[in-house]
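Participant: Quick one: this structure, given as structure tokens, is what I'll be asking you about.
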Amino acid sequence: MANPRTRRKAAWAALLLGVLAAVLLVLLWPSPPPPAASASQARQAPPAPMSVAPNARPAPLPAAPAAVEPPPETPGTTPARPPEAPPITLPPTTQPLAEEFYPGTTDWEDVPVDNQQNYLLRILPVRYNVVAPMPIAVRLEVLDRSGARQTLLNPHVRVRSLENDATPWIEVPVRDDGSGADALANDRQYTATLQPDAAQRKALLGRVLVEGSVDFPGVGTRTIPAGLIYTLGPRARLTGHWKDELKDGHLRLEAELEVEEAGIFTLMAQIFGPQMEPIAWVKQTETLPKGRGVIPLQVWGKVLHDSGIDGPYRVRQVLLTRDRADSADYDPGVTVEEAYRTKAYRSKDFSGADWQEPPRVLQEEITAEHPSQRDKPGPLRTRSVSRP
């Protein structure tokens, strides 16, 4: 067994060897690469040194970056104030007329037959306002790209009430032989004419749905809808007696009616010059009892004065309707294309003054403190009874 002195020497030798090994390990261990500079540090790093010729002037220091101007202010999204509406110079019952229009009629409805749209299937009620016992008539045709009509294969037309889906369809024969409402035989414009009997008339009164269909080889059956109004009419008629006068600077017309059933009636008309120059559209609504009555029409003087068109004035496209008090629906009559001619007034005889909207009448609120309620007993108070 070794003595203590020998053991101490061995321990010191081992300690010295450990220290030497640690130093050698630190010297020989590879050093890690330097960390990559961040993007902001890279932007701010100074430029690498450059070799400069002995007599060269040192490069000036870079100027400080100019202050960044803020972007111009973006215009707001609020639109500019719209132009003011033109002043109202005519009353609602008189409006300027740009061209003649035809009440009680509608336009063609059309749908393409094929994907290439080489053909159009079209449908048109002959009259949009149909007054019983007049027949319901519908035109049906197919046009090619040149507008030429084509022969129809297996055409069908049917009608039913639009307001009651439970009513059955009524099939209507389609003709191109000049019979019924068909205008001309073999012109390839086909017409379906229905003269409703009593039961059909009752079922169809109101708004009517119309469907036309045609077969096309390689395509199949194509269907197109349309609509019309079928009514009993206004239960009043124009007698054909009119009057006209220049009153308070305006043209006053009076149309005489024979009323079969009391109600609310609206009369509309279009005013033209002697050479069919469109001037104005006018209307008036009146409540009339049964019997002989009159509806006045006032043509505001300014529209005649400003037109510069002298009379006699022609009253055209006159339509009388019965208005339903409980809805926006109405029962139209038959349009009178040429109803009356006035005297030969001069346009400068009429007033050029603007129409002034009458002031609104504010209703006074009546409270217990109002003078009209002085010395009157207060409201009765009732005791509330609770129910089990």
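No value in this document is a laboratory result; all are computed from the given coordinates. The structure displayed is predicted, hence computed values, not measured ones. Counting neighbours? That spans all protein chains shown, and the Cβs are built from the backbone with ideal geometry, glycine included.
Participant: Please give the Cα centre distance for the range 260-335 versus the range 180-227, rounded to the nearest Å.
Facilitator: Measuring centre to centre over Cα atoms gives 32 Å.
Participant: Which FRET efficiency value, to the nearest 0.05, do you get for Glu337 and Asn154 by plugging their Cβ-Cβ distance into 1/(1 + (r/R0)^6) with R0 = 25 Å?
Facilitator: So, using R0 = 25 Å, E works out to roughly 0.10.
Participant: For Arg188 and Ala353, what does the FRET efficiency come to when R0 = 41 Å and r is the distance between their Cβ atoms, rounded to the nearest 0.05?
Facilitator: The pair Arg188/Ala353 has a calculated efficiency of 0.15.
Participant: Sticking with this one: Nothing charged except the Cβ atoms of Lys and Arg (+1) and of Asp and Glu (-1): what's the magnitude of the dipole of the range 236-349 about its Cα centre? Round to the nearest 20 debye.
Facilitator: That gives the range 236-349 a dipole magnitude of about 340 debye.
Participant: Continuing with the same structure: Give me the extension gain from Arg292 to Asp177: residue separation times 0.36 nm, minus the current Cα-Cα distance, reported in nm with one decimal.
Facilitator: Using 0.36 nm per residue and subtracting the Cα-Cα distance, I get 37.0 nm.
Participant: Could you work out the local net charge near Ala98, counting Lys and Arg as +1, Asp and Glu as -1, over the other residues with Cβ closer than 15 Å to its Cβ?
Facilitator: Once positives and negatives cancel, what remains is -3.
Participant: Taking only the alpha-carbon atoms of the range 111-156, what semi-axes of the equivalent ellipsoid follow from 5 times the gyration tensor eigenvalues under a square root, in whole Å, largest first?
Facilitator: Taking √(5λ) for each eigenvalue gives 27, 10, 9 Å, largest first.
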